[in-house]
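Undergrad: Quick one: the structure is below, questions incoming.
Bear in mind these aren't lab numbers, they're just calculated from the coordinates by the rules spelled out. Every value quoted in this text rests on a predicted model; they were computed, and no experiment measured them. Cβ placement follows ideal geometry from the backbone for every residue including glycine, while neighbour counts extend to all protein chains displayed.
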Amino acid sequence: MPTGRNSPDTLVMLTATVNPGGTPHVARIDQNVRLADYQCSIARWVTLAAVSGWDILIIENSGHPEDSLLAGVPEEMYQQVQPRVLSYVADPQYTKLGKGVGEAHMFDRVVTEYADDFTRYKMIVKVTGRLFVENAQKLLFISPDINVIRCRIRADFTQVDSRFFACNPATWQNFVSNMAAEIREDSGYYLEHAMAFRVAKAMACGVRREPFPRPPRIVGISGSTNVPYGGFRRLLVDSVGVTIARSRPGLFI
């Protein structure tokens, strides 16, 4: 997985599903619309990686062609970053269990497919592939204490914002992998809930949960609701949310 550049210490992993098929709880279902979302976001991440020195891995679980996913990436940026694409077709039995189950299997797949290279990174970053984080450079610094997981979590520890989080490879393998069986979307227990349990478990084992220094400025459109993220109202809520979250456990901190 390493590129020809000087050993990047950060791997940004973009999860993707161009064709959601019959996956439940997905409102943005048009494949062409989703592909356009991915192409736009991937181009922005690759361009940012070129100036930040990161590696990029796109992992796609509906078998979509690599060249199509990378169609929006400028040739110069492609040559500099050399983004990798791992595209495969997920087992239909997992697809019908919900998108969180499919995403959890992607978390496992990256470890098994790139076992020889995975552990050389200091930070593994997961991003929902149709979304972009405008202030990512200010959020993805390497912590002096690498035994951390950096994420947004509700103050009552019931849910993690699974769109964007980061940790070192050992924490990923020990506490992010092998999570699919714990997700029960038909009972209202989603990836976000399972992730929160894993974060609490990691903390009990000595891993430090580290908040982002400021709220991630996520832009794009929710696949679950088909509603855009971002905008002034969302930024205002995020800006004041951390301050009052301890008295309102439903807010992310």
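Undergrad: Quote the FRET efficiency, to the nearest 0.05, computed for M203 versus E75 with a Förster distance R0 of 51 Å and r equal to the Cβ-Cβ distance.
TA: For R0 = 51 Å, the calculated efficiency reads 0.70.
Undergrad: Right, next: Which listed residue (V219, G98, F118) has the Cα farthest towards the positive end of the charge dipole for the chain, taking +1 on Lys and Arg C-beta and -1 on Asp and Glu C-beta about the Cα centre?
TA: So the residue we want is V219.
Undergrad: Another question, then. For the pair D9 and S68, what calculated FRET efficiency results from E = 1/(1 + (r/R0)^6), where r is the Cβ-Cβ distance and R0 = 25 Å, to the nearest 0.05?
TA: According to the calculation, E is roughly 0.25.
Undergrad: Provide the per-residue ³J(HN,Hα) series for the stretch 34-46, in order, calculated from phi with Karplus coefficients 6.51, -1.76, 1.60 and θ = phi - 60°, each as a whole number of Hz, with x at glycine and proline positions.
TA: Residue by residue, the stretch 34-46 yields 5, 4, 4, 4, 5, 4, 5, 5, 4, 4, 5, 5, 5 Hz.
Undergrad: Same structure, new question: Only counting other Cβ atoms within 10 Å, I'd like Y229, Y38 sorted with the fewest neighbours first.
TA: Y229, Y38
Undergrad: Let's test this: bin the Cα-Cα distances of the stretch 1-120 at 10 Å from zero up to the farthest pair and state each bin's percent.
TA: Spelled out per bin, shortest first, that is 13, 44, 33, 10, 0.
Undergrad: Let me ask something else. Taking 0.36 nm per residue of sequence separation and subtracting the Cα-Cα distance, how much length would be gained by fully extending the chain between D186 and D91, in nm to one decimal?
TA: Stretched out fully, the D186 to D91 stretch lengthens by 32.4 nm.
Undergrad: Then there's this: Find which of T47, Q79, A170 sits farthest along the positive direction of the dipole of the stretch 31-171, computed with +1 on the beta-carbon of Lys and Arg, -1 on that of Asp and Glu, about the Cα centre.
TA: A170
Undergrad: Right, here's the next one. Would you mind computing, in nm to one decimal, how far apart the modelled labels at T158 and Q82 are, each placed 7 Å from Cα along Cα→Cβ?
TA: Once both label points are built, they end up 4.7 nm from each other.
Undergrad: Neighbouring Cβ atoms within 10 Å as the yardstick, rank E60, E210, E185 fewest first.
TA: Fewest-to-most ranking of E60, E210, E185: E210, E185, E60.
Undergrad: Using each residue's phi in the stretch 127-135, evaluate 6.51 cos²θ - 1.76 cosθ + 1.60 at θ = phi - 60° and report the 3J(HN,Hα) Karplus result to the nearest Hz, with x for Gly and Pro.
TA: So the Karplus estimates, Gly and Pro as x, are 9, 5, x, 7, 10, 10, 10, 5, 9 Hz.
Undergrad: Return the calculated 222 nm mean residue ellipticity for the chain, to the nearest 500 deg cm²/dmol, obtained by summing -39500 (n - 2.57) across DSSP H runs with n ≥ 4 and dividing by the residue count.
TA: Counting only the DSSP helices, I get -10000 deg cm²/dmol.
Undergrad: How big is the charge dipole of the stretch 44-142 about its Cα centre, in debye rounded to the nearest 20, if each Lys and Arg gets +1 on its Cβ and each Asp and Glu gets -1 on its Cβ?
TA: That gives the stretch 44-142 a dipole magnitude of about 420 debye.
Undergrad: Share of Cα-Cα pairs in the chain beyond 25 Å, in percent?
TA: Cα-Cα pairs of the chain separated by over 25 Å account for 40 percent.
Undergrad: Here is a further query. What is the magnitude of the charge dipole of the chain about its Cα centre, with +1 placed on the Cβ of each Lys and Arg, -1 on the Cβ of each Asp and Glu, and no other charges, expressed in debye to the nearest 20?
TA: 1020 debye
Undergrad: Between E210 and N178, 0.36 nm times their residue separation minus their Cα-Cα distance comes to what?
TA: 9.3 nm
Undergrad: Continuing with the same structure: Taking the number of other C-beta atoms within 10 Å as the exposure measure, put K122, K99 in order starting with the fewest.
TA: K122, K99
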